[in-house]
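Some notes on the structure that comes next.
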């Protein structure tokens, strides 16, 4: 005769009916979500080709923007050093705005050499790049 004693290692906790019902509802919601996701995926060869070429294009844009982001971060570090010297005008860096006059000539409209203003412009650009990278990441993962 084999008798089994109830020890903590052999006891099985059975979830209540209410807990099982909640788990079942969560699983049903997940199944429906996965079904709707599956329906949005391309089915034909042409659709798949287009879908994956669009994803590849997004990945390429994301990679290019990340490279710009690294370059701009390095520039921001250099400008920070120059800012610490409290220069009103930078000899090394400037931002220049051009107006296109023709196919062969652009006219300079403004030239900004103040490192504080340049740093602010670069900070703004860095924020916009970070936002755009997040958009690309979301679109790639979708």
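Worth a mention:
- As a summary of the residue check, residue 140 satisfies the conditions (1) surrounded by 12 or more Cβ atoms within 10 Å (Cβ to Cβ); (2) farther than 30 Å from residue 38 by Cα except for the one numbered (2).
- Matching residues, segment 100-142, being part of a loop (DSSP other than H, G, I, E, B), out of contact with any strand residue (DSSP E or B) (no Cβ under 9 Å at 6 or more places or on another chain) and more than 23 Å from residue 77 (Cα to Cα): 102, 103, 104, 105, 142
- Single unsatisfied condition, residue 97 versus (1) part of a loop (DSSP other than H, G, I, E, B); (2) in contact with a strand residue (DSSP E or B) (Cβ under 8 Å, 6 or more places away or on another chain): (1)
- Test result for residue 66, in a helix (DSSP H, G or I), in contact with a helix residue (DSSP H, G or I) (Cβ under 9 Å, 6 or more places away or on another chain) and modelled with pLDDT under 70: no
The values are calculated or read from the model by the stated rules, or taken from the named source; none is laboratory data. These numbers were taken from a predicted model, which means no experiment stands behind them. No Cβ is skipped: glycine too gets one built from the backbone with ideal geometry, and neighbour counts run over all protein chains shown.
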